[in-house]
1. Consider only pairs whose beta carbons are under 7 Å apart and that are at least six residues apart or on different chains; among these, list those whose first residue lies in the range 88-110 and is within 30 Å of MET20 (Cα to Cα) and whose second residue is assigned to a helix (DSSP H, G or I) and small (Gly, Ala, Ser).
2. Consider the range 58-84. How many of its residues are farther than 22 Å from MET20 by Cα and acidic (Asp, Glu)?
3. Does any residue in the range 44-67 that is within 13 Å of MET26 (Cβ to Cβ) and of a type in the set (S, T, N, Q) come within less than 9 Å, Cβ to Cβ, of a residue that is modelled with pLDDT under 90 and loosely packed, with under 15 Cβ neighbours inside 10 Å six or more places away or on a different chain, and which pairs are these?
4. Which of the residues that make up the range 39-51 are of a type in the set (A, V, I, L, M, F, W, C) and farther than 10 Å from PRO93 by Cα?
5. Identify all residues within the range 113-124 that are touching a helix residue (DSSP H, G or I) at 6+ places or on another chain (Cβ under 9 Å) and buried (at least 19 other Cβ atoms within 10 Å of the Cβ); write none if there are none.
6. What helices (runs of 4 or more DSSP H) completely inside the range 1-105 contain at least 2 residues that are small (Gly, Ala, Ser)?
Amino acid sequence: MRARDLAVEYQTVRVDSDAMEAARLMAEHNLPGLLVVDERGEPKAILPASQMIKILVPAYVVEDPPLAAVVDEKHADRLCQALAGRSVGDCLPHEAAAPPIADPDDTALEVAALMARVRSPLVAVAETAKGRRAAGGTHLLGVITASHLLHELLGVAGGSGSQ
């Protein structure tokens with residue numbers, strides 16, 4: 001199976017999108033992360049759901065985890081205020097690398113190796129237009145999530161008769 005066969009339509013956000021709306025999108029659709037695209041729709045970054053949670057948790061709780069037990073529910077309900085007025089770009093990790101992009105002809109194992117190497121919950125599948133590589137011209141075909149890829153790989157393994 002090739003990457004183009006595994007790719008599905010997926011929610012994307014722009015760098016200037018509202019962070020609260022991006023978090024709601026992840027929560028409502030049970031997404032492991034979002035693909036961040038530029039104004040031309042080209043992949044620019046992955047925003048993992050875990051990064052959004054990291055923003056919600058106050059730094060003093062991250063540094064001293066037992067403090068989480070003493071924060072009451074009233075204060076915990078205010079955690080989402082950390083996203084108010086922020087853009088998706090504000091929430092990206094400072095060391096955010098370019099998103100992993102698979103070629104449409106990559107095999108499932110090549111996609112799995114890429115996902116494992118960069119530890120990303122999703123991989124974009126995109127064609128690079130000839131002659132536009134220097135300009136960064138890509139056409140996004142879709143996304144492969146880790147759970148979808150795992151499902152496909154287990155389906156293949158499950159058909160081998162081994163139990």
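1. Hits for this filter: VAL88/ALA19; VAL88/ALA22; ASP90/ALA19; CYS91/ALA19; ALA102/ALA3.
2. So the count comes out to 3.
3. Listed by first residue and then by second, the contacts come to GLN51/PRO93.
4. If the condition is that a residue be of a type in the set (A, V, I, L, M, F, W, C) and farther than 10 Å from PRO93 by Cα, then ALA49 is the only one that fits.
5. MET115, SER120, LEU122, VAL123
6. Counting at least 2 such residues, we get 19-29, 49-56.
The values are calculated or read from the model by the stated rules, or taken from the named source; none is laboratory data. Computed from a predicted model, the values in this text were never measured in an experiment. For neighbour counting, all protein chains shown are included, and Cβ atoms are generated from backbone atoms with ideal geometry for every residue, glycine included.
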